[in-house]
Structures are given as structure tokens and as C-alpha cells.
Amino acid sequence: MNEELELFRDNVRKFIAAEITPFEEQWNEEQAVNRDLWSKAGAAGLLCTDVPEAFGGAGGTFAHEAVILEEQARAGNTSWAKGVHEIVTHYIVGCGTLEQKQRWLPKLVAGEMVGAIAMTEPGTGSDLQAVRTRAERQGDDYVVNGAKTFISNGQHCGLLIIVCKTDAAEAAKGISLLVVEQPHIQPGFRRGRLLHKIGQKGQDTAELFFEDLRVPAENLLGGREGLGFYQLMNQLPRERLIIGVGAIAAAEAALEHTLAYTRERKAFGKRLLEFQNTRFKLAERKTELTIGRVFIDHCIERLLEGKLDAATASMAKWWGTQKQCEIVDECLQFFGGYGYMLEYPIARFYADARVQKIYGGTNEIMKELIARTLE
């Protein structure tokens, strides 16, 4: 952190307080944020802050993105899937041709397009080599057939990256990434239902179907077939750090809510915070979060230096989300029955946390990736 980032944090906090927090209840019921939020965020300079100025961005760094992620987590905002939008943007930044960057990045920065990436399939989760969505070259187009599920920003997306097989005979080498512009107006594209979830209810999570969807060959990300799996592997460390940053910030917010409650709530004539069990439990959680904060900041520094490796990013994702779930669960206990009521922020922190151990690669996969460094 520095003075510039602190000023930026203040602006982010004000934007969230004015444009997000008052509408959370509405969005939770509607299962999607207002589309205007993306345009407002773009106008405020809060989208794709680390995209180079040459492509319409602010020319910032991942540190700016981390500030936004932290403020979202501390406000309990999970309805706005900005992190997914940023992940999609960096597939274009890191893997796109010059023409693709010039065509798509300014629209993503402005919020004119909302980004989504279609990886998961009904029968395929973390094993990306097993995707069954097919893309066959026919003249100047690819014809795509298949289905995807659990797609964040699935309803609003104006730019969709599809993970598909361009060579069914190959595993990793058969995967390519195709980019679809304005998918909702393309023949052969169909959105399914909005999915009802345990938590993160305000985030639009959808099923997507492709039935002879034609995608121009010029929309093949990077311009060559068979690069998709390697493009995914190169970008996943950043995605996993994004999840880890949010996990630690959300757990810190849960602890703050719990400290405020235990300072005021009384039982047997004493404040909850005066009981030794409360003090010791929360002292343990504070220690864990201090360790987590130091580690996450280290990972951010490594990413800024271009040195964040896959195993360390996997540690950030696994340890951060595991501790998030453990800490939020223990904090909720101090609220008693009120902790089970959604009117209390701690209840939403609890419901929203669970999926963190699943998406971005399950924590079991994270441990496997880490374990490969032991040999």
C-alpha cells in the first residue's frame, strides 16, 4: 500500500456505499445486479484498472484490483462478479492478438461489454482436459456445440470466452478458446435458467447452450488452435490469487463484525468479550488472519514482479478459502441464534463463503498441484 492506493481505496469504498450496498437486497431477490452497475463502474474507472493505457485502461497494477476485491469483501458484496470480468479481461491481455486487444479491451474497460468465461460443463468440473464442447472449423467460422453450467455473468455477458475442443482426438493439445461477442443475439446461443444457490444469490449464475453456434475464426484467442489449455494454465494463478485475496478480506470483515457484537452483547451479566473462551478463540482467529494477510500480500508482490508460480497461487487459494470458512463459522457461533438470521451480515458471510473452496479449481486440486512440488 501507498498514498495513491489509499486514496483509491477511499474512492472504491464510496462507490460501493453509494452504488452497491443499498441494492444488495434487491439483487439477491432478482439473482442479478442491474446492468447499469457495469457502466457506472467503467465511468468511475473501477473496471480493468491494470489494463495498459494503450487499450483504454488506467495503466495501474494488480494492487489496484486487490484494493477493489478487498473492499467488496469487507462490504459483504458478492453479487457483483467483477473478479470474473477481470479474469476474462486478462485472457485477452495475456493471450489475445494485437487486433483482438484493440477490438475488445476498450469495451471491457468501459463496461460496454461484461466478461464471462464458459469452462465448467454438466459432467466436467476441475478436469478441463475432459471438456466435451466441440468447435469444428467450417470455412471462415467455427461451429460450436455443447453445454456449460455455473457460468458467472452468464446473463449479462457481452463477451464470452468458450473453452472447447477443436481436436477431439487430443487432450490438452485439443483445447482452444473461442470468443463470442454479444452472444445473446447470435443464432445457436441459448441461455438456460438462472441457478438458485446457497449463497452469492445476487450474482447471475447461468446455464449456457450452444447449438450450431457460428463463431468467426478470427475470434480464436491467440489466433492458433490448441493453445487453450496452456492459456488457461498461465492465467489460473492470477484467478486463484483473486479468490485468495477475497477470502482473507471477507474473513477479516467477519472478525470485525464479531468483535463489535461481542463488545456489546451480554450474557450472565458480562459482555461476551469478557469471557475467556471468547477472548481466546478470537485471539486465535486474529493470529491466523495476521498470518494470512502477510502471506496474501507476499503473493500480490510476487504477482506484481511476474514471479507468482502456480503452486504458491494454489496455496493462497486453498489456505485462504479454508481459513475463511473456518473463521466465519466460528465467528457465527458467537452470535447464537441471531447468527442464523440473514438480517445479520455474519449469516451472509457464512453462506457466501462455502463455494470459495470449489470454484477456481477445488481445494483438493490445489493440494495436488502443491504436492507435485514435493517430488
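The values are calculated or read from the model by the stated rules, or taken from the named source; none is laboratory data. Because the structure is predicted, anything quoted here is derived from the model rather than measured. For neighbour counting, all protein chains shown are included, and Cβ atoms are generated from backbone atoms with ideal geometry for every residue, glycine included. Note: areas computed on protein heavy atoms with side chains; ligands, DNA, RNA excluded. Shrake-Rupley method; radii C 1.70, N 1.55, O 1.52, S 1.80 Å.
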Seminar exercise, completed: Apart from one, (1) surrounded by 20 or more Cβ atoms within 10 Å (Cβ to Cβ); (2) over 27 Å from Leu255 (Cβ atoms); (3) modelled with pLDDT of 95 or more all hold for Ala43; the odd one out is (1)
For this session: Kindly provide the set of residues from the range 156-176 that are more than 19 Å from the chain's Cα centre (by Cα) and not in a helix (DSSP H, G or I), ordered by number.
Result: Cys164, Lys165, Thr166, Asp167, Ala168, Ala169, Glu170, Ala171, Ile175, Ser176
Problem set entry | Of all residues in the range 1-23 being of a type in the set (D, E, K, R) and either modelled with pLDDT under 95 or more than 19 Å from Ala249 (Cα to Cα) (or both), the one that is least open to solvent (accessible area, probe 1.4 Å) | Glu19
For this session: Go through the residues of the range 80-93 one by one and say whether even a single one is outside any strand (DSSP E or B), of a type in the set (D, E, K, R) and touching a Phe, Trp or Tyr at 6+ places or on another chain (Cβ under 7 Å).
Result: no
Exercise. Which one is farthest from Trp80 (Cα to Cα) among residues in the range 153-207 that are surrounded by fewer than 22 Cβ atoms within 10 Å (Cβ to Cβ) and small (Gly, Ala, Ser)?
Worked result: Ala169
Exercise. List the pairs whose first member sits in the range 76-102 and is open to solvent by less than 30 Å² (accessible area, probe 1.4 Å) and of a type in the set (Lys, Arg), whose second member is at pLDDT 95 or above and in a helix (DSSP H, G or I), and whose Cβ atoms are under 8 Å apart, counting only residues at least 6 apart or on separate chains?
Worked result: Lys82/Ala41; Lys82/Ile68; Lys82/Leu69; Lys82/Gln72
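Conditions tested, residue by residue: (1) more than 18 Å from Glu170 (Cα to Cα); (2) assigned to a loop (DSSP other than H, G, I, E, B); (3) not basic (Lys, Arg).
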residue	(1), (2), (3)
Glu99	yes, no, yes
Arg103	yes, no, no
Leu108	yes, no, yes
Met113	yes, yes, yes
Ile117	yes, no, yes
Arg137	no, no, no
Val144	no, no, yes
Ala147	yes, no, yes
Phe150	yes, no, yes
For this session: Being surrounded by fewer than 20 Cβ atoms within 10 Å (Cβ to Cβ), modelled with pLDDT under 95 and not hydrophobic (A, V, I, L, M, F, W, C) narrows it down to one of Gln276, Gln235, so name that one.
Result: Gln235
Problem set entry | Leading residue by the ranking (surrounded by the fewest Cβ atoms within 10 Å (Cβ to Cβ)) among those in the range 214-228 that are closer than 22 Å to Gln129 by Cβ and among the hydrophobic types (A, V, I, L, M, F, W, C) | Leu227
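Listed here are the residues, each with its yes/no results for (1) under 20 Å from the mean Cα position of the chain (by Cα); (2) of a type in the set (Lys, Arg); (3) modelled with pLDDT of 95 or more; (4) assigned to a helix (DSSP H, G or I).
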{"position": "Arg285", "(1), (2), (3), (4)": "no, yes, yes, yes"}
{"position": "Leu289", "(1), (2), (3), (4)": "no, no, yes, yes"}
{"position": "Ala311", "(1), (2), (3), (4)": "yes, no, yes, yes"}
{"position": "Ser314", "(1), (2), (3), (4)": "yes, no, yes, yes"}
{"position": "Gln324", "(1), (2), (3), (4)": "yes, no, yes, yes"}
{"position": "Tyr350", "(1), (2), (3), (4)": "yes, no, yes, yes"}
For this session: Give the number of residues within the range 294-314 that are of a type in the set (Lys, Arg) and surrounded by 15 or more Cβ atoms within 10 Å (Cβ to Cβ).
Result: 1
For this session: Evaluate the following for Arg285: is it open to solvent by 20 Å² or more (accessible area, probe 1.4 Å), under 27 Å from Cys164 (Cα atoms) and in contact (Cβ under 8 Å) with a residue 24 or more places away in the chain?
Result: no
Seminar exercise, completed: Of the conditions (1) part of a strand (DSSP E or B); (2) surrounded by 23 or more Cβ atoms within 10 Å (Cβ to Cβ), the single one that Ile242 does not satisfy is (1)
